[in-house]
Structures are given as structure tokens and as C-alpha cells.
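Heads up, the thing below is written out as C-alpha cells.
Bear in mind that the values in this text are calculations on the coordinates, not laboratory data. No experiment lies behind these values; they were computed from the predicted model shown. Using ideal geometry, Cβ is built from the backbone for each residue, glycine included, and neighbour counts are taken over all protein chains shown.
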Amino acid sequence: MGAFDTTATAAAQVAPPAQRGLWRRFAHNRLALASLFIGAGVIAAALAGPLLYAVDPNYQNYTAINAWPSAAYPLGTDSLGRDTLARILAGLRVSLIVVAYVELLNVGVGATLGLIAGYRGGMVDNAISRVADMLFAFPGLLFAILVAAVFGPAVTERFGGIGRLLLVAGSLALVSWPLMARYVRAQTLALKQQDYVLAARSIGVGGQRIMWGHILPGVAGLIVVSATLDVAAVVVNEAVLSLLGLGIQPPDASIGQMIRQAIDYLESNWLQVFLPSAALTLLVLVFSFIGDGLRDAVDPLSEV
Amino acid sequence: MGGVIGRRLLGLVFVIFSITFLTFIVGYLAPGDPILVLMGPRRDPQLYASLQHQYGLDLPWYHQYFNYLGGLLHGDLGMSYRFQGRSVNDILANGIGVSIALGAMALAASLLIGVPTGIIAALRQNSWLDRSSMIFMLALFSIPTFVMIPILRAANYFVLFRNGLPALPPAGWGTPAHWVMPVAVLAAVTMGYLARLTRSSMLDTLHQDYIRTARAKGLRRRQVVGVHALRNALLPIVTVIGPSLAFLVTGSFVVESLFAIPGIGYLGVQAIAQRDYPVIQGTTVLLAVTVVLMNLIADILYSVLDPRIQAEG
């Protein structure tokens, strides 16, 4: 609840990472390496999906409702007779697009504000830190739910599906960026005291250049690791929002909605719940393992 | 210790101001005219003006905020936009008891199962029991809530019901049989987290010097563990109760709506579908403030239990 607690200062004691040997250390962690390949595969499948598997995810075949896998439908169909493989690919694409937007905002807004707050200090720091604290006041997803619920219908009416996607990403970023700002601010505060920054200043390097050219590289590892670890949370949160009816609107596919819809037909066709759940869990696990591996590779001392 | 509590109270004022202010601003900026929604097809300027006045929407925003805050201080969450003449309190009142019951049972279950599991695992470090229970707890912690629900429901249906065994009702709220699955799902993540935290905290404590001293002076293992280790090992548990509550709150939205349990989360989701903003705002403020207050209690409890905290406070 206080301004910046001990978890942030612990992160701040991380020295500027040695970039050399980063890949070697990462590859040493077999689980992280395997996750990286699986993750790349999932991303490629989701993005190239429409090219490889050209089935309309919204086409309803009323003669094949809740069908089990067959030659025509490799993963079966849902309760409205839609192809499950096509819908999972489309749903994963939505998850990944939301993740990309959220992390863009998380790094673009959260890390930038954290860097500015830490380097400038004083009033600027106070203002940024208080705004972050205000958002921290809401437990979990509550504020994201509120924002998505209140602005959702109007945004969909005016801007359509893309607008809705951006709103979902924006409301999820509201939950992510304060933590990123807190981490980056704490490490910036620590780096600001380093001799090399003093040296740069003493030979007349300007504030902007010190901030972006000398401190940012030292914080970059932390930013990448936090953003990667945040991805797993964002994937789950996006699914929760669509499960509550706040995400991508029907008939467009999203993993959360597929689970919500199929759960009513669990007794007759459990596979239709299992497949989207498994796809989502896989995505979450893969990103958690990559994040863990990256953290250990960037900073070998921060075990656990 | 008074200083710590004073600072926490000051922080509490800021946090509650943040919650109410941001919630109010989101509602204030909400697109669409609630009065027009309320009036339906009727177009009567006089009625419009009187309704606008009744809801206080003819005032400037800061005045509206002070009215909102004033109402909140009296425990009044405002008026519904969807049901004319019904207050938000009235709508949410039915759900509070149910949500508290669900949340309390889930928290109790995760503490009563998670903490002892962690202690036993630590006492038998690296045994078969330790490893298997920790893998199980890691699974509980990692599987998202809405994936856990179909797993449990499928197990209930295919293993119990199909074989003619007594099965649990798949949804609803009423008899204790209805409680089992929602409580299990809601408790799962917190339980997994608590078990793993308890284990590592217990292991940490068992390696402390004073434990070696206690053992060296010839105390029985039971006494060393029960009296010396346990008390200190359990301290960190108090600090994670706050974050756990935050999780329970978000989880209750999913659990209540998928099990059709008439709690606050379910009412909130219904209000989302009906675009009844004051009810959504009321749900947010109510849940957020509850979590904040529970956090405060946990903080105070912690500083009472662990006198070393004073030095930092």
C-alpha cells in the first residue's frame, strides 16, 4: 500500500546484466528452450493458421453439432456446428494480438514512466508513483472488468471488433503497467547512483542521453523479463474477460468464450471443453517457462 | 507499533479515495445517457428534468463525486439505472451473504489443507510424499480457474454420476452438496500457493541457528517443531492472505457465473449484461474496499505477531 515496497527494492539490487552468454545460459535450461520452440510453433500456427487451414471459424453446419473428430472436422465441432480447429486457431490469434498490444503498452507506458520517475525524481516521480498506487488499490482484475464493462458496448458500436480488441488490451494494460513502472523505477534509482553514470555526467552528457543511452540498457533485461512473465497473466486475464462476456464479441472466436459455451455441453461432448482449455493452458505454461528461463539467464543470481 | 498503524490508516484513506474516485470517473465518463435508457420510449422533457435531478446528474462532476462519496460514507451505493426506484444496495444485498460464505469457505479450505500439507512436506523434505504433494500443489496453483471447473464437473459426471454413485449437483447454490465444487475450485489456486509457501518458509526456519540450539539442548523433535519452528514459519502466511483475497475476488466472478451462484460476482456479471453501471460500480467499490480492509487487518496482525516489523515501520 505504501509508495514502493521491498519487492521493488529487491529487484533493484540487480546489477546491469552481462549480455554475453545470455543465449548459452538460456539454452542450458531445457524446459525454457523447449518452451521457446513450442511457443514459436503455437505463434506460427495461430498467425499462419488461415493460410494452412482455410476453414471459416464462424461457419455453422447444423448437420454436425457437437461432433466428435472426423475427416471433415479434425477436432470436431462446437454446439453451433462450427469447426473447432479453425476456432482454436482464431482464438489463439486473438489472445496473441491482445498480448502484443498489452505488452506494447506495458513496456511503452509502464517502463517509460518508471524510467522517468526514477531518473527525474521529485514532483515527477511523486505524480507517476501516485497514479500507479491508485491503480494498485484495485485487487486483481477488478478495474479492468469495470473499464471493459462500462466502455465495451459503446466502443463495439462505434469501432467494431478492432475497437473492442483494443479496449480489452487497454483495460488489461491498466492492471499490468503499474507493476512494470515500479520495477523499472526501483532499478533506475539504483543505477543512477552508479559511478559510470557520474562519469557520463561529469564529461557533460545530457540528462536525456544518460536516461536513454546509459540507464535504459541496464534496465532492458528487467523490462524484457517482466514483460515475458506478464504474458502468462495477460493470456489468463483475457480469457477471464471473454468468459464474463467482456472480450471479443460473438460470433468471433476467443478461447475464453469457447470454454464458456462448451461447458454447458460437457456431459455430451467433453472434448469441446478440453481442447480450448488445453490450448490455453499450453500457452500459459510455455510463456511462464520462457519467462523463468529468461530471468535466470539475464540474472543468474536471482534463483527463485 | 502505533506509528505503523497510523501510517497504514493514512494509506487506507488514500487507497479508498483512489478506488472511489476512479470508479466514479469511469461511471461519469460512461457513454450514453442513463436517463434516456431509464425513460425508454417516453420523451417528456419535464420527466427527463425531474429524473435527472432525482439521480443528481444535473450537477457538475465534482459535486456529483462528493454526493457519491457522501452516499458511500452512509453505506449508500446509489440508484440502479436499469430498475427505476431500486437502490444498488437493495440489488446487491441478496448476494453479499452468499459471496461471503463462498469466499470464507474457500479461504478456510485453502488454509486448512494448504498449510498442513506444506508443514508435512517440509518435515519430510525430499521424500516421496514431499515431491508428489508439491507437484500436486503446483498443478493446483498453475491451472486457471476456468479450466479447473470443467475438469471437476467432468470427473463428477463421468466418474460418479454415470456409475450410479452419489454425485454432486453441477450448478446452483443451496444445500452443502452445492458448496463442494465451487469452494474446491475457488480454493485451489490459493491452496497450492499456501502449501508451497509454507513448505519453503518452514524449511527456512528449520535451518535457523535457534532451532539447532533447541535441538542441541536436547528438546524432543515434537517440541522443536511445534513450539519453536511453527510459530515463526507461519508468520509469512499472514502476509499472503491479502493477495489471496484479491485472487478470491476475481475468481468469484468466474466461479459464481459458471456455477450460477447468486453472489456479488454473479450480480455484477448480470449488471454488465444489462449495462447497469451503478450496480457494476457498486460491486467494484464493495469488493475493492473489502479486500483493502482485510489487507489492513492482516498487516496489523502481522506487526502484532512479529515485533521486528517496528524497526522498519
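Counting beta carbons within 10 Å around each of B:Phe253, B:Phe17 and listing the fewest first gives the order B:Phe17, B:Phe253. Spatially, region B:243-264 and region B:148-174 are offset by 20 Å when compared through their Cα centroids.
With all pairs of different C-alpha atoms in the average, the Kirkwood value for the hydrodynamic radius of region B:29-92 is 12.7 Å.
Take the alpha-carbon centre of region B:22-80, take the same for region B:216-231, and report the distance between them in whole Å. Cα centroid to Cα centroid, the span is 62 Å. Arranged from fewest to most other beta-carbon atoms within 10 Å of their beta carbon, B:Ile91, A:Ile215, A:Ile203 become A:Ile203, B:Ile91, A:Ile215. Applying a length cut-off of 27 Å (Cα extent along the axis) and a mean Kyte-Doolittle floor of 1.0 to the DSSP H helices of chain B leaves B:2-29, B:88-123, B:235-258, B:277-305.
Mind jotting down the distance between the C-alpha centroids of region A:111-165 and region A:17-80, whole Å? Region A:17-80 and region A:111-165 have Cα centres spaced 31 Å from each other.
Among the residues of A:239-246, the average count of other protein chain beta-carbon atoms within 10 Å of the residue beta-carbon is 5.
Note on chain B: Kirkwood hydrodynamic radius from all Cα pairs is 22.7 Å, rounded to one decimal. Projecting each Cα onto the charge dipole of region B:1-100 (Lys/Arg +1, Asp/Glu -1 at the beta carbon, about the Cα centre), which of B:Ser99, B:Leu29, B:Leu72 comes out farthest on the positive side? Of the options given, the answer is B:Ser99.
Averaged over the residues of A:145-156, the number of partner chain Cβ atoms lying within 10 Å of the residue Cβ comes to 6. Only the Cβ atoms of Lys and Arg (+1) and of Asp and Glu (-1) were treated as charged; on that basis the dipole of region A:191-294 about its Cα centre amounts to roughly 580 debye. Across all C-alpha atoms in region A:183-304, the radius of gyration and Dmax reach 21.8, 74 Å. Relative to the Cα centre, the charge distribution of chain A, modelled as +1 at Lys and Arg Cβ and -1 at Asp and Glu Cβ, gives a dipole magnitude of about 840 debye. Once each of the trypsin sites (Lys or Arg not before Pro) sitting in a DSSP loop with at most 11 other beta-carbon atoms within 10 Å is removed, chain B keeps B:44-216 as its longest stretch.
Each of A:Leu115, A:Trp212, B:Val225 was scored by the projection of its Cα onto the charge dipole of the protein assembly as shown, and the greatest displacement toward the positive side belongs to B:Val225; charges sit on the C-beta of Lys, Arg, Asp and Glu. If only the Cβ of Lys and Arg carry +1 and only the Cβ of Asp and Glu carry -1, the dipole of region B:211-302 around its Cα centre is close to 1080 debye. Going from the residue with the fewest nearby Cβ atoms within 10 Å to the one with the most, B:Val225, B:Val37, A:Val150 rank B:Val37, B:Val225, A:Val150. Given R0 = 41 Å, the distance between the Cβ atoms of B:Asn126 and A:Arg158 translates into a calculated FRET efficiency of 0.10.
Computed over the alpha-carbon atoms, the protein assembly as shown gives an Rg to Rh ratio of 0.97, Rh here being the Kirkwood radius from the mean inverse distance. Normalising the average separation of contacting C-alpha pairs (under 8 angstrom, six or more residues apart) by the number of residues puts the relative contact order of chain B at 26 percent. Estimated at 0.36 nm per residue, the fully extended path between A:Gln249 and A:Asp264 surpasses their Cα-Cα distance by 3.5 nm.
Other residues lying with their Cβ under 15 Å from the Cβ of A:Gly140 contribute a combined charge of -3, Lys and Arg counting +1, Asp and Glu -1. The alpha-carbon atoms of chain A, seen along their principal axes, cover 77, 45, 31 angstrom, with the largest extent given first. Averaged over the residues of A:260-270, the number of partner chain Cβ atoms lying within 10 Å of the residue Cβ comes to 3. Residues within the reach of a label modelled at B:Gln274 (point 7 angstrom out along Cα to beta-carbon, backbone nitrogen below 15 Å), restricted to region B:25-61, are B:37-40. What are the membrane-span-like helices in chain A by this rule: whole DSSP H runs, Cα extent along the axis at least 15 Å, mean Kyte-Doolittle hydropathy at least 0.0? The answer, listed by residue number, is A:30-52, A:84-105, A:122-136, A:142-192, A:216-243, A:271-298.
Summarise the long-distance tail of P(r) for region A:134-175 by giving the % of C-alpha pairs beyond 10 Å. Percent of Cα pairs beyond 10 Å in region A:134-175: 68. Which one, B:His63, A:Val155, A:Val273, is farthest towards the positive end of the dipole of the protein assembly as shown when Lys and Arg carry +1 and Asp and Glu -1 on their Cβ? Sorting the options by dipole projection puts first A:Val273. Sparse packing (at most 12 other Cβ atoms within 10 Å of the Cβ) combined with a DSSP loop state is found for the following GluC sites (Glu not before Pro) in region A:196-304: A:Glu303.
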